[in-house]
1. Just need a number here: residues in the range A:80-92 that are closer than 15 Å to B:Tyr28 by Cα and either facing chain B (nearest Cβ under 10 Å) or not in a helix (DSSP H, G or I) (or both).
2. Could you list, in sequence order, all residues of the range A:508-522 that are of a type in the set (Gly, Ala, Ser) and buried (at least 19 other Cβ atoms within 10 Å of the Cβ)?
3. Would you check if there is a residue in the range A:139-151 being of a type outside the set (Asp, Glu) and at pLDDT 75 or above?
4. Counting residues that are within 9 Å of chain B (Cβ to nearest Cβ) and over 30 Å from B:Asp169 (Cβ atoms), which helices (runs of 4 or more DSSP H) fully inside the range A:464-547 reach at least 2?
5. Could you please let me know if A:Ile361 is within 25 Å of A:Glu127 (Cα to Cα) and either more than 14 Å from chain B (Cβ to nearest Cβ) or of a type in the set (D, E, K, R) (or both)?
6. Name the residue that is nearest to the other protein chains (Cβ to nearest Cβ), counting only residues in the range B:39-57 that are over 23 Å from A:Val70 (Cβ atoms) and within 22 Å of the chain's Cα centre (by Cα).
7. Kindly establish whether A:Glu577 is at the interface with chain B (Cβ under 10 Å from one of its Cβ atoms) and either open to solvent by 10 Å² or more (accessible area, probe 1.4 Å) or modelled with pLDDT of 70 or more (or both).
8. What about A:Lys324, is it in a helix (DSSP H, G or I) and either of a type in the set (Lys, Arg) or touching a Leu at 6+ places or on another chain (Cβ under 6 Å) (or both)?
Amino acid sequence: MPGVTSDSGELNSLSVVPHSSDTQSPIVYPLRNHGLSPPLIRLSISWARGNTLRVSFLQSEEHNVVGKVVEVKLTNTDGGEITDAQRRRIEYGSVAPFALLQSHKNSSITSLYDKDWWERVMEYSKEISSLLGDSKSSAAPIIGDPKAVLRKMEEPTSLRAAWELLEIFYVDKHCQTWIPERLLDWLADFDCLFSGNQPTVHAKLVAFQEELVTIQAVENDPEYWQAMSSALAVGWLDVVVKLLRLHGSYLFDQLGSREIENGLVEAVALLISQMPRMRPYLLAEKLGESYQTKPEFMKAWEKWRAQITKLDCSAFWLQCDHQKTRDGLKNMLQIMLGNASILSNVTYHWIELYISHFLYIRPFTVGLESMYTLAQKCMNLKPILYRHKLMGLIIGILEENTEVVLAECSRSFGPWMTTHAIELLTAGSIQAETLLHEQQSKLGGICIEELHRLVYAQILSSHALTWNIAAIYLTSCMKQGLGLLENLLYKQPVQHHQVLLKSIEICRLNGLDFVSCNMMKIAGVHYWKHGKKGSAVFWLQQARDELRLNRIAKHLFDFVGKSISDEGFKQWEGMIELLGTESKTAGGLEFLKKYRDFRRSLQQVHEGITTEAAQKAAEALISLMRNPSTPQQFWLPLLHDSLKLLNWKERPLINVSQTNILLNKLQDLSLARLRPGFVETDLPPEALKSIRLALATNLGRAILNE
Amino acid sequence: MAVTTTTTTTTTTTTGPLQIHKVPQDTYIDALRWLPHLSTFTRHILLAAYDSDTSTPSLKSLTFSPSSSSLTLQSSLSTPSRITSLKTCPSKPLIAASTFSGSLLIYASDLVTGSLKLEFSVPEKGFHLGAVSGIDLSENGSDCVSVGEDGRVNLVSLSDMGGFRRVFDSNGLVSYSAVKWASPVEFVTGAFGFGLHWWDQRKPGGPAALFKGNWTGGTASGIVHSIDIHPSRKHVCLAGGSSGAVFAWDIRRPQQPVILSGVGIGDNPTNSLVESDIWEVQYDNYTNSSRMSNSSSSSSRILPAMICSEDGILAVIEQGEEPIELLVEPCAINSFDIDRQNPSDVLCSLEWESIAILTRQ
């Protein structure tokens, strides 16, 4: 873990993110087709990239060691509600909203506690939650199936459910007055998530929906009444009314004989659809009447309850012949009147009971404290048999305990959730803000927010397709971020051209010039070792690494054809082009360019016989011989190639002092020959003699000329 | 909106005269191309994909129906390693793909169904040392030229299955990064150090012309990532590469490159649309037809070109005009292709495992 020193105590005291290592049973990964039969003499296991293990087998076959290496991908242990590709899509998609929010934060520190700050966070939250799956089902078909009670929708994820919970409680300031109704909507969307391990109203309705097709007279089926009561209790009014209308008394042939019964069913359906709701608006397909202000709502509520009581005491019940209908409807009226024991009977887990209490017993509950008290009461009535991860989160939120919420996020939903949810937790809450931004000495001086970002960045950087996203999160970490980013960049394989260019781009964006310079040097050396001399020179030049350029220059010159007639020099043209016009960056290789120019002018001398061209070539020769970067092994071939210039008929092209320089070089060369490591040129033995003679003749002519 | 596989959803946005469909792919897209199409109602798309979960590279063809903007998988062939360059032939249903491991694969495609079949492959041994960095199919589909960082230039004759001829070997002194045919006998290679070489097969032994990037005051050097040559102006070579550089090189005036964009290059050091690598350049015939009509002095001007970049920009640039941004993404746009038969349609691959199909109206 970054920033943690190993000597600061036992391991458990360091784990801020709780580990649940003891709760999981070990997973067995069978290794098939490794193709080797026992006995194996050696087996070694090491980490490869990401969550893959590299397993190497070594087997001895009579002094010949054979082996095989396989990679084992460790899959997600929680069964995978979200596939790897989907997870990556969420990771990709959350980069832009996160970066935008950070830049807003940095641009205006003071506005953090402003009224409109939460609106920015709200935009961020909406964008993130849109990545987590579409909760709104696709447009309903125009001709609806009359027996389709529940809308078909994409299977929601608990990740999205958790995100919405945080949004409701921490960010959306508009909904503070009607949180119970928001929770009701939330449960309507996500009750199915709880179905996996325990009965739920949703599961009940789904089961009943399947039966519905085969049932002749629904009102005779006790399931029908149970399903409706349950749906009514959790406030899915549209479902209840739709089910009520399936009642047999609505059939044309029965309408005459069951008039009173039908009247009662319709009266209950009407009351349900007129239920007052304490919320600013209702979606089109939802039932009820919304009221924004408390007095208005109270008035409507009292009136509505009076109507229910009136219906409950009506004389028509006595005239209703169908007993199941009578009992069922009466039961529903009791639910609407808030009969606690019936509510407890028709709901399955404490959150459902909690919602029903909000709806029919305590519609005026406000404030987290009273909500928490009510939740505790509901949990007492319906003890938790299976603790779903969302329940832990809800309890943490209602307890107003940021640490618990964070721990639940981390344990159940992973580092992605924690990193991104912290932005929601700190929106407008000064207490959470100080908790998460306080530097912790036991974390090596970083804050909790930074810790989670670093953990998330580490996960990103372990995957070949997401490592470059990690840079965004690392640069948002004040203390350790840049250091870890450097490490990450150095770890990238330079032999992959694309990865190298991407790393350099990240350096450019973050002003890490020295890192990119070092990477270019590493790349240069890598390519040099692999014989890609052009790429090597390019990268070393980009890094302005004269030291290495000079060193490889010595090796390169060994390959250069030293005689003018050498055709192989054509290959070098491209390399010389690469060196460019600026000599500063070429280092010792600058010689190549001068050499090429000299050869060109010499070529012209060999072809035509103008004295000016010869004069130019002679000047190029002198400047080459004067230049300290001209390698020693070139001196003699250069002079030998220029014999024609030295013996120029018309006039001496080289003056006295220049001739002396050339003679001195010859002197140096004969001294150098005595030293070890001298490389003899492959010129004919009389070459040196003829050069000496030509130089001497030239000297004489030059002296006479002057 | 229609979906390709079980979980991918297309998002469609319309901004002004531009319609954009984004289709998540669940695989990294190394390269992509339009296949020539027989009808405007169904078109085929070629994707060089890399599945990082299973570490398997593949070449896929998908059917795109513009009316419902849906993508359906037609065929998927596994390839020996990841694809570095993908080219289609304008006149024949032929596809060439070069691989990271250094081989060349030639496929035939059925233009009606969009199915693919491997015709032959040039094996790695002796062909290139390491990855093949660029390939191009000649216009009549008879030859494929390939270049690599190893400094080799090879010519594969498609009639002679599996054989190749070495045009040049610089023994690693020059690292080539891109190649493009100019005529049946000429091609241009791009290299490190913004080097462009003009090759003429009638003049063997080395490049026929070298481009000298003598830009004044330029400190940056870079790599040419992509080259394009317009079929009607074979003497002008358009190149794009590092630091947002896009320049045109006229073989008749080899000393004077025309710089269209770039940071620290030439005389326009600051106002560049793109500051990072330009991954691909292509002449944009669509913009050509709409804008050039009212400018008379068009013969010496560089035709409009489309670019895509590491910093997530897909744009059309033109000499002396403001660039038109078609797409701005938070991630890199790695490659794109303009439909040759229907140049209003553009296909591009995004770094974050998705592709985008743009329709200009």
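1. Number satisfying all stated conditions: 7.
2. A:Ser516, the sole residue that qualifies.
3. No, the range A:139-151 contains no residue that is of a type outside the set (Asp, Glu) and at pLDDT 75 or above.
4. Details: elements: A:470-475, A:481-491, A:497-510, A:513-529, A:533-542.
Of the helices (runs of 4 or more DSSP H) lying wholly inside the range A:464-547, those with at least 2 residues that are within 9 Å of chain B (Cβ to nearest Cβ) and over 30 Å from B:Asp169 (Cβ atoms) span A:497-510.
5. Details: within 25 Å of A:Glu127 (Cα to Cα): no; either more than 14 Å from chain B (Cβ to nearest Cβ) or of a type in the set (D, E, K, R) (or both): yes.
In short, no.
6. Ranking the candidates gives B:Ala49 first.
7. yes
8. Working: in a helix (DSSP H, G or I): yes; either of a type in the set (Lys, Arg) or touching a Leu at 6+ places or on another chain (Cβ under 6 Å) (or both): yes.
In short, yes.
The values are calculated or read from the model by the stated rules, or taken from the named source; none is laboratory data. Quick caveat, the model's predicted, so the values are computed rather than measured. Counting neighbours? That spans all protein chains shown, and the Cβs are built from the backbone with ideal geometry, glycine included. Protein only, heavy atoms only, side chains kept; ligands, DNA and RNA dropped before computing areas. Shrake-Rupley method; radii C 1.70, N 1.55, O 1.52, S 1.80 Å.
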